[in-house]
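Colleague: Pasting a structure here, questions to come.
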Amino acid sequence: MKRHIPNTITCCNLISGCIAISYALAGDPRMALLFIIIGAVFDFFDGMVARLLHVSSPIGKELDSLADVVTFGVAPSAIIFSELCIINFPSALEPLRLYIPYLAFIVAAFSALRLAKFNLDERQTTSFIGLPTPANALFWGSFVIGWAPMIESSKWALIIILAMIALSSWLLIAEIPLFALKFKNWGWNGNKIKYIFLLSCVPLLLLLGIKAFAIIIAWYVILSITTTES
């Protein structure tokens with residue numbers, strides 16, 4: 001019986017992703033983001049439980065990736081899709097209004113590619129290469145909830161969002177080392193960048209709430225690119 005527990009938790013992640021998609025397509029990005037976060041919690045615990053129970057299996061790994069594609073790939077794409085459906089279009093692109101929003105699902109495709117690469121890449125045991133899909137999903141949910149209303153007032157809103165889709169898709173598969181929040185010890189040496197990152201997140205969250213997550217993910221990428229751990 002216990003060998004089914006981790007896969008059950010993984011399926012809860014997948015179901016959370018499906019619920020997030022339904023809310024996103026209904027135009028409720030807040031609830032969509034909530035269920036993405038719930039899915040991330042299940043995603044965190046399924047592997048931990050599998051290791052604790054000593055029931056890790058190849059099927060569990062494959063199921064985990066499939067669930068992640070839904071929760072951290074399709075769900076944020078659905079949030080972007082709904083946003084693209086309501087923003088103002090330049091007059092020259094107005095005839096394409098019915099088609100352009102589907103470009104949002106490029107994020108889902110690159111998320112799937114990112115997860116497939118991660119499963120085969122043995123370099124990513126203690127750090128990441130490319131942006132993790134949960135971070136990308138969190139970025140988009142936070143951006144649409146907190147910052148898109150400001151972007152929507154600009155005549156460049158469509159171009160900005162399409163450029164961000166291209167950038168985030170590239171970051172998912174880019175050969176860019178990004179630190180992971182995994183601690184072998186709690187000392188400052190060897191964990192300096194992680195502590196700087198975590199401490200800087202606190203005031204952002206207190207001041208900005210949900211809006212802070214988009215800034216935090218961007219800060220995470222910038223900090224990873226511009227620093228190396230000693």
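Colleague: Find out how many positive minus negative residues lie around Ser142, taking Lys and Arg as positive, Asp and Glu as negative, among other residues whose Cβ is under 11 Å from that of Ser142. List each step's numbers first, then the result.
Modeller: Details: positive: Arg30, Lys211; negative: none.
Within the 11 Å Cβ shell, the charges total +2.
Colleague: With axes computed from alpha carbons, what is the tilt in degrees of helix 192-208 against the longest principal axis of the chain, rounded to the nearest 10 within 0 to 90?
Modeller: 40
Colleague: For each pair in Lys61/Lys117; Lys117/Lys182; Lys61/Lys192, compute the distance between the two Cα atoms and list the pairs where it is over 22 Å.
Modeller: Lys61/Lys192
Colleague: OK, next. Under 8 Å for C-alpha pairs, at least 6 residues apart: give me the relative contact order for the chain, rounded to a whole percent.
Modeller: Values: 306 pairs, mean separation 46.6, N = 230.
20 percent.
Colleague: Net charge near His54, counting Lys/Arg +1 and Asp/Glu -1 over other residues with Cβ under 13 Å of its Cβ? Can you show the working numbers first?
Modeller: Numbers: positive: Lys2, Arg3, Arg51; negative: none.
With Lys, Arg at +1 and Asp, Glu at -1, the net is +3.
Colleague: Sticking with this structure for a sec: Under the rule of -39500 (n - 2.57) per DSSP H run of 4 or more residues, summed and divided by the residues of the chain, what mean residue ellipticity at 222 nm is obtained, to the nearest 500 deg cm²/dmol? Intermediate results must be reported in sequence, preceding the final value.
Modeller: Values: 10 runs with 149 residues, N = 230.
Theoretical 222 nm ellipticity from helices: -21000 deg cm²/dmol.
Colleague: Quantify how much of the Cα-Cα distance distribution of the range 75-174 extends past 15 Å, in percent.
Modeller: When every Cα pair of the range 75-174 is considered, 61 percent fall beyond 15 Å.
Colleague: Can you run phi through the Karplus equation (6.51, -1.76, 1.60; θ = phi - 60°) for the range 154-165 and list ³J(HN,Hα) in whole Hz, with x for Gly and Pro?
Modeller: Each residue's phi maps through the Karplus curve to give 8, 6, 9, 3, 4, 5, 4, 5, 5, 5, 5, 4 Hz.
Colleague: For helix 75-86, report the angle its Cα long axis makes with the longest principal axis of the Cα atoms of the chain; keep it between 0 and 90° and round to the nearest 10°.
Modeller: Rounded to the nearest ten degrees, it is 10.
Colleague: Separate question: Convert 10 °C to kelvin, take the viscosity as 1.306 mPa s, use the Kirkwood radius over C-alpha pairs of the range 48-126 as Rh, and evaluate the Stokes-Einstein diffusion coefficient in µm²/s, rounded to a whole number.
Modeller: 106
Colleague: For the chain, what are the per-bin percents of Cα-Cα distances with bins 10 Å wide, up to the bin holding the maximum?
Modeller: Final binned percentages: 8, 30, 36, 20, 5, 1.
Colleague: Restrict the search to the range 103-178; then list the chymotrypsin sites (Phe, Trp or Tyr not before Pro) that DSSP places in a loop and that have at most 16 other Cβ atoms within 10 Å of their Cβ. Numbers along the way, then the final one.
Modeller: On the way: sites: Phe105, Phe110, Phe118, Phe128, Phe139, Trp140, Phe143, Trp147, Trp156, Trp170; in loops: Trp156.
The qualifying sites are Trp156.
Colleague: For the range 5-97, what does the alpha-carbon gyration tensor say about shape, rounded, prolate or oblate, given a ≥ b ≥ c as the root eigenvalues, a/c under 1.5 as rounded, and a/b over b/c as prolate? Working shown, then result.
Modeller: On the way: a/c = 4.43, a/b = 2.86, b/c = 1.55.
Taking the square roots of the gyration eigenvalues as a ≥ b ≥ c, the range 5-97 is prolate.
Colleague: Now a separate question. Order the following by accessible area, largest value first: Tyr23, Tyr102. Probe radius 1.4 Å; ligands, DNA and RNA are ignored.
Modeller: On the way: Tyr23 75, Tyr102 135 Å².
Order by accessible area, largest first: Tyr102, Tyr23.
Colleague: Just to confirm, what accessible area per residue do you get for the range 1-153 at 1.4 Å probe, in whole Å²?
Modeller: Values: 7660 Å² over 153 residues.
For the range 1-153, the solvent-accessible area averages 50 Å² per residue.
Colleague: Where is the GNM fluctuation largest for the chain (alpha-carbon springs, 10 angstrom cutoff): Ala212, Ala137, Ala78?
Modeller: With Cα springs under 10 Å in the chain, the top fluctuation among Ala212, Ala137, Ala78 is at Ala212.
Colleague: Where in the range 174-230 are there chymotrypsin sites (Phe, Trp or Tyr not before Pro) that are in a DSSP coil and have at most 12 other Cβ atoms within 10 angstrom of their Cβ? Kindly include the intermediate steps, with their values, before the conclusion.
Modeller: On the way: sites: Phe179, Phe183, Trp186, Trp188, Tyr195, Phe197, Phe213, Trp219, Tyr220; in loops: Phe183, Trp186, Trp188.
Listed in order of number, the matching sites are Phe183, Trp186, Trp188.
Colleague: Enter the angle in degrees (range 0 to 90, nearest 10) between the Cα long axis of helix 5-25 and the first principal axis of the Cα atoms of the chain, meaning the one along which they spread out most.
Modeller: Orientation of helix 5-25: about 10 degrees from the principal axis.
Colleague: Return the lysines within reach of Lys155: Cα separation strictly under 23 angstrom, same-chain partners fewer than 8 residues apart disregarded; answer none if there are no such residues.
Modeller: Result set, ordered by chain and number: Lys211.
The values are calculated or read from the model by the stated rules, or taken from the named source; none is laboratory data. The structure displayed is predicted, hence computed values, not measured ones. FYI the Cβ positions are ideal-geometry reconstructions off the backbone, even for glycines, and counts take in every protein chain you see. The accessibility values were calculated without ligands, DNA or RNA, using every heavy atom of the protein model including side chains. Shrake-Rupley method; radii C 1.70, N 1.55, O 1.52, S 1.80 Å.
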